[in-house]
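Input: a single structure, listed below in structure tokens.
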Amino acid sequence: MSDLVPTTGTVHWIGAGLSTGSGLAELCDTADRVRLWHRTEERAAEALAALGLTGRAEPRAYTLSALAAALVPGDVVVSMLPAPEHAGILAACVREKAHFACSSYVSDAVLEQVPEAEKAGIVVLTEAGLDPGIDHLFAHSLVARARGVIGDATPASYSLTSYCGGVPAVPNDFTYRFSWAPAGVLNALRSPARYLDNGTPTTADRPWEATRRHVVDGETFEVYPNRDSVPFIEQYGLPATWTPRTFVRGTLRLDGWLRAWEPVFEELRTGDDTRIAALAQELAARYPTTDADRDRVVLAVSLDVRANDGRTWSGGYLLDLVGDEQDSAMARCVSRTLALGTGHILDGSLPPGLNRAAETAARSEQWLGELARDGVHFTLRVDH
């Protein structure tokens, strides 16, 4: 492994969309210099003003070439752009020996650049938001606690569920509030989901058709699987002697969502890419996100382990936050987690190469403690 490139203390934050919030303000307190890159310099300045950060960060007009020209070895680049943009940004970071951070899943295009990034001595921090991000921290913590009681060598079966959703704090007829691009929401619903159900590998070609009722802290929600849950069995460090009964990572919605969204599902069943893109624009116009309404984020991660010798362990984390005038709940969770990870790049505590928010139980406990102090509150329940 190459030596870690020392950081300059300069952070380049790219994008000021719905997930950029008070985490950017935290970086303005910890970094030596922060630059906010947005579509135009004027838009960047307006975003800083809205966040109360005028004069604390420099507004810049973003193009990849302009960013690359501004980088020096040891800078940190934080991308809030859509995941397909990350590969090009990371390539510029590798060339200029700048560190990289984002809240998105690791794509193949990013993964193939990791060897060069490690060789260059730069950190590539990914999955450092809400989901993925805090959900990983919760899962690692629960698995470590259960292993400490049951033991790795003891045969057991387990059920792990991880459901996350951004919903309106005050329910509306649509039962939803867009907290990221509508096109992304619709295309996620068009992507098959793979998970384990009663020990059987299962694929839902239309994830919403696998929707179930799920009670969290006495409140009924609707949940459905998304993406591919199965690789996270290894990522979360579950012992090979434990057999999964259920393992699913998915999305949480308000009760009644399935019924309210039936017209959308009908379009998803029959529409082509052009129609779905148009539908996304129609939904954005019909259900705009305004400063007046408040969002709510609910993240519930639970683990239940039953050992063959009769011992049991169960526990769960619950994060349930409502947005305020400072920022939305979604922006708070995503941006503060990403700012926390960026802070650990700045202090030199992350190694070169690929990092996720949660790599170990020890790091998970550390980051969860730091997030709680930063105002991202959650509860832990343990029964054994």
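The values are calculated or read from the model by the stated rules, or taken from the named source; none is laboratory data. Please read these numbers as outputs of a predicted model, since none were measured by experiment. Heads up, the Cβs are rebuilt from the backbone with ideal geometry, glycines too, and the neighbour counts pull from every protein chain shown. All accessible areas refer to the heavy atoms of the entire protein, side chains included, with ligands and DNA or RNA removed. Shrake-Rupley method; radii C 1.70, N 1.55, O 1.52, S 1.80 Å.
Taking 8 Å as the Cα distance limit and 6 or more residues as the minimum spacing, I'd like the relative contact order of the stretch 62-141 as a percentage.
Working: 100 pairs, mean separation 22.5, N = 80.
Worked out over the stretch 62-141, it gives 28 percent.
Using a probe of 1.4 angstrom and keeping all protein chains present, the accessible surface of the chain works out to 42 square angstrom per residue.
When you count the other C-beta atoms within 10 angstrom of each residue and take the mean per peptide, 101-111, 132-142 line up highest first as 132-142, 101-111. Put simply, the amide H of GLY250, placed in the peptide plane, has neighbours under 5 Å in SER162, TYR163, CYS164, ASN226, leaving out anything fewer than 5 places away on its chain. Of interest is the spacing of the C-alpha centroids, which for the stretch 30-75 and the stretch 246-300 amounts to 31 Å.
Nonpolar atom fraction for the chain, defined as the carbon and sulfur part of the 1.4 Å probe accessible area, stands at 50 percent.
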